[in-house]
1. Quick one: would you say Asp129 is at pLDDT 85 or above and closer than 24 Å to Phe36 by Cβ?
2. Can Leu460 be described as out of contact with any Ser or Thr (no Cβ under 7 Å at 6 or more places or on another chain), within 30 Å of Asp517 (Cβ to Cβ) and open to solvent by less than 40 Å² (accessible area, probe 1.4 Å)?
3. Taking the conditions exactly as written (at pLDDT 80 or above, within 30 Å of Arg188 (Cβ to Cβ), surrounded by 13 or more Cβ atoms within 10 Å (Cβ to Cβ) and polar (S, T, N, Q)), does Ser499 satisfy them or not?
4. Could you list all residues from region 499-549 that are of a type in the set (S, T, N, Q) and either within 30 Å of the chain's Cα centre (by Cα) or closer than 17 Å to Val564 by Cα (or both)?
5. Considering only region 214-248, state which residues are hydroxyl-bearing (Ser, Thr, Tyr) and either in a loop (DSSP other than H, G, I, E, B) or surrounded by fewer than 20 Cβ atoms within 10 Å (Cβ to Cβ) (or both).
6. Please work out which residue is modelled with the lowest pLDDT, limiting yourself to region 382-396 and to residues that are within 18 Å of Val267 (Cα to Cα) and open to solvent by less than 60 Å² (accessible area, probe 1.4 Å).
7. Given Arg577, Arg541, which one is at pLDDT 85 or above and part of a helix (DSSP H, G or I)?
Amino acid sequence: MAYVKARKNRSGDVTGYMVRWREGGSRAGAAQYEAFEDEPSAEVFRDAVNDAGQQWPPGWVKGQGYISADAALPDDDRYRFRAYAAASIEGRTGIEEHYRVACMRDLERWVFPTFGACDVRSVEHFSRDTIRAWVRVLEQAKVHKGQAPKSGEPKWRKMSPKTIRNLHGLLSSILQEAVTAEPPLRLRNPCEQTRLPRADDDGAEDGDDIEFLTPEEVEGVISCMKRRSDQLLATIKYGTGMRWSEVTALAPECLVGWTTDLPKVRVKRAWKRDGKKGYYLGTPKSKRGRRTLRVSASVTAAVEELGGKSEPADRLYFTGESGRRLHYSTFYDRWQRAVRLAKAEGLLPQEKKPTPHDLRHSHAAALISAGHSLTYVQRRLGHESIKTTSDTYGHLLPEADDAAMETIERSLGRERGSEAPAPVESVDRSRVHAVVLPGGKVLAFWESGVARAVVEQWTLDRGPGARVETWAVDWWIRQQGNGVQDVRNRAPQRVWVWSLGPAVYGMDGTERTSAEDVHEPQGRWVWEWEEGASAEAATWRTEWVPGGAALTRAAASGVELDAVRAAYAEARAEALRLCASHPDGVAV
């Protein structure tokens, strides 16, 4: 049964009241609570919980109170959020079972306590204000990482902005299904108007910072590992940069050209969760995760020590006690013992706290410090987007810092009247290196390396189709007719642009949008010469579509996702205001 408990400060003064109960009334039910400033209000709510069978009272939003009763809708259990969300997750295709289970777990813990009894059709139950109130509750929630310890209190901390964004995205995806249902259950998705905490606002105290180890430090930790198999695993993981799920799925069948001078490892499978607390061997994390890696002599020697190409071809190099998958937690415990020993022996700085995953980060750092490009690192790590590589490792690029310092020094030197900077090495001006893009657009560069880099990046972003051709300058001038002023000295800029829409409305305000993902943000790299290239946070547009259908269209784009979401909501509101005035509709 629900009960009221007074909240007291250290002096013993009552500062408020808390209503506590277990969901459903059973001992196994999740603990629930709601806070009140006065005892009478708490008692009224307690009685409402008891009347509701130890559930949140219908229409109550945690941290806010009862939602307006004016929004009464015909009662239908199918549209109660708990039932509607469960059906939505169960019916989704193209997702892994583990993700389905994780979605239901998050809904049960973080969403159903607030919205479970609400009606998905109600603009009062689900509005900008109720969503904001819920996000505010999440911002104040305290969570702990991993499983609670067997003894003692876990280390509690505020929920991370990334987790809040994920939960908000889950709720938004379900409400969006209600918007695009046939017939529509809602006119709009209120989640689009929520300003969320920035994903990089975790702070330093409890954030999961990346720990980059030098090659000497990696060697020091490996030397302190007691098991030879653990040493070999760490060597291969550092030498290839593979994820834990990938390196523990390695087998002889993954070796390519093993007896040649160019031995390679094909990353074609990884351990996946099956949604029932088990695992199975499936494909890597993404399309780019399926890759083939050149390996060094140290990695080759480690694999050979594990048996190399010997049969059976599908046997695992690394296994646990049962001969099956090696659990991360098992290796992690042994890794931590090696880290402590390495610190004790002076092989690792005391302030560093590396995890096994930091071997992957250290692999990337070693490549970048040697001058390899972010594009190359992206391919080796199997990142789907180079933006992930750039955001994670871009600050390590030594050549960028060196060039920046040289530029600043030259500027300061000129102001002091010092000697002029050394002349830039001359470039062959008798020929240009033309990048021919799909569709016929041609860009010219003085340096062949820059042209090749543009083609390489274009292929990563858009796929094959671009090529480099070397032309005589005279030929370029005859073809383009604009002299050499369009020949570039540098690589063109790219910007990551988010877009939403277009949403399409008829004259009566009914949404005519057919694509299921039209209200989901889409991001892509846009080159400086392409339409849509802009450094603005967000822009939106609303326009009448010519024709007898009398449609009105709304869309938004920009470089900041939150700003684009807000602009899209503004564009859709404007479209709804204008749609009834469509000139073609009036003419008819």
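1. For Asp129, the condition - at pLDDT 85 or above and closer than 24 Å to Phe36 by Cβ - is met.
2. Spelling it out, it is not the case that Leu460 is out of contact with any Ser or Thr (no Cβ under 7 Å at 6 or more places or on another chain), within 30 Å of Asp517 (Cβ to Cβ) and open to solvent by less than 40 Å² (accessible area, probe 1.4 Å).
3. Considered against the rule, which asks whether it is at pLDDT 80 or above, within 30 Å of Arg188 (Cβ to Cβ), surrounded by 13 or more Cβ atoms within 10 Å (Cβ to Cβ) and polar (S, T, N, Q), Ser499 comes out as yes.
4. Ser499, Thr513, Ser514, Gln522, Ser534, Thr539, Thr542
5. Listed by number, the residues that qualify are Thr214, Ser223, Ser229, Thr248.
6. Filtering region 382-396 for residues that are within 18 Å of Val267 (Cα to Cα) and open to solvent by less than 60 Å² (accessible area, probe 1.4 Å), the one modelled with the lowest pLDDT comes out as Ser385.
7. Criteria check complete, one pass: Arg577.
Rundown of residues vs (1) assigned to a helix (DSSP H, G or I); (2) in contact with a His (Cβ under 9 Å, 6 or more places away or on another chain); (3) open to solvent by 70 Å² or more (accessible area, probe 1.4 Å); (4) among the hydroxyl-bearing types (Ser, Thr, Tyr), yes/no style:
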position	(1), (2), (3), (4)
Leu250	no, no, no, no
Tyr280	no, no, yes, yes
Lys287	no, no, yes, no
Ser310	no, no, no, yes
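The values are calculated or read from the model by the stated rules, or taken from the named source; none is laboratory data. Computed from a predicted structure; not experimentally measured. Ideal geometry is used to build each Cβ from the backbone, glycine not excepted, and the neighbour counts take in all protein chains shown. Heads up: the accessible areas ignore ligands, DNA and RNA and are worked out on the full protein's heavy atoms, side chains in. Shrake-Rupley method; radii C 1.70, N 1.55, O 1.52, S 1.80 Å.
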